[in-house]
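Shown next, in structure tokens, is the structure this report addresses.
The values are calculated or read from the model by the stated rules, or taken from the named source; none is laboratory data. Keep in mind it's a predicted model, so treat the numbers as computed, not measured. Ideal geometry is used to build each Cβ from the backbone, glycine not excepted, and the neighbour counts take in all protein chains shown. Quick note on the areas: whole protein, heavy atoms, side chains included, nothing else; ligands and nucleic acids left out. Shrake-Rupley method; radii C 1.70, N 1.55, O 1.52, S 1.80 Å.
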Amino acid sequence: MGYYPMASQVARGGGFLSPAMEDESTNTMKFGNKAHAASLAFKAFCLSLALAAAPQTTLAAAPAAAASATAAEAPAAAEPAAAPAAQAAAPAAEAAAPAAPAAPRMKPTPGVGMPVDGAIDLQDQYSPLGKYGYWIHNGVLLPIIAVISLLVLGLLLWVMARFNRRANPVASRTSHNTVIEVVWTLVPVLILVGIAIPSIDLLAKQYKPAPAKAVTVKITGNQWFWSYSYPDNGGFEVTSYMLNEPGQPIVNNGVREVGTDPSDGPGQLEVDNRLVLPVGEPIRLQITAADVIHSFAVPSLWFKLDAVPGRINEKVLTIEKPGVYYGQCSELCGVKHGYMPIAIEALPRDQYNAWVLAQAGGVIDGQPAPAPAAAAPAAAAAPAAAAPAAEAAPAAAASPSAAPAA
């Protein structure tokens, strides 16, 4: 077994330290005690010096504190003088920026701007281009299609009855007929020209540039919602998500269900925030996409334009009648392509302006911004009135101290 000394033996060097080494250790401990006592004495000396200098520092800081108090009293003395001017400026500021009431949401009219159950025709049109296109479809194309179809059907029936084996046992060997060949060449050409003239005219009108003062709205397609920004009305932006349907899986989290508001339209077409546009004036729509290709299409307004990432497509839209008009994304854009409806709410100009002013940062396009300048003179008068009072306050504060010196 090994030998382990006790702690008392280690402390006094028993079994480990020689007598010479024990004396050296004792001297070292005495020197450390003396050094510690000297450091305590030096700290006491420094503390007494600091206490002796403290009254002089306090006396030197007193004038500075008095000057600070005088400076603090000067704005307080100026406040009563500035108060009437500020009160006078307050009504002017309130008049310059009146609070705009939020425009009520419009209720759609059944059968207007939306699909109709059982219908086989185009939707009724509510834009000049839409009415022109509707006329081309129903007044030009359908009659031509009907006439050509009936003509071909009649020719087939006549050939079947006149030139069958029983009625015509000996077939004709005619190989050329100049008149027939001229007719069946010129008639299709004339038909195509008759179709091309209004069609090209419609295309030209659809892509006619917008007037310089037209309202601009930027439309951005996202997976799977639309965002609308109004650069001419202050630059605010509105996002539009499809409303969820009761009893169906949730499509958009945090969005209410359709039917919870009296102004809601058909399910899978209604959205939480509509695209609000003015009625009776050209609107410049700039359309792009943030991720994949989408297509902004509203059938009742004869409007369809692709939204391509990195590119802005532009087209003019004029809505003739106030109302709510529905559409959908018409380009396959992912798993929720069928849940990207479009809802346009067309309002008269005064109601549109009220809606714009109800948005954060909204301003009326084409008009000078409501002048807070009306409140500026009154607001500027407040500092001007406060300046003399502020200058008089230091003088009033200095006069009591000068009297004892006199």
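Structure notes:
The rows are residues; the columns are (1) over 22 Å from residue 346 (Cβ atoms); (2) charged (D, E, K, R).
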| site | (1), (2) |
| --- | --- |
| 203 | yes, no |
| 206 | no, no |
| 213 | no, yes |
| 216 | no, no |
| 225 | no, no |
| 249 | yes, no |
| 257 | yes, yes |
| 276 | no, no |
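- Residue within the range 165-187 that is open to solvent by 90 Å² or more (accessible area, probe 1.4 Å), closer than 19 Å to residue 131 by Cα and aliphatic (A, V, I, L, M) present: no
- Inside the range 128-164, residues that are open to solvent by 60 Å² or more (accessible area, probe 1.4 Å) and over 30 Å from residue 277 (Cβ atoms) make up a count of 18.
- Elements of the type strands (runs of 3 or more DSSP E) sitting completely within the range 254-335 and holding at least 2 residues that are of a type in the set (Phe, Trp, Tyr): these cover 323-329.
- Total residues in the range 81-127 satisfying the condition of being assigned to a loop (DSSP other than H, G, I, E, B), open to solvent by 80 Å² or more (accessible area, probe 1.4 Å) and at pLDDT below 65: the figure is 4.
- All positions within the range 298-332 that are among the aliphatic types (A, V, I, L, M) and either surrounded by fewer than 17 Cβ atoms within 10 Å (Cβ to Cβ) or free of Cβ contacts under 8 Å to residues at least 24 places away in the same chain (or both): 305, 308, 312, 332
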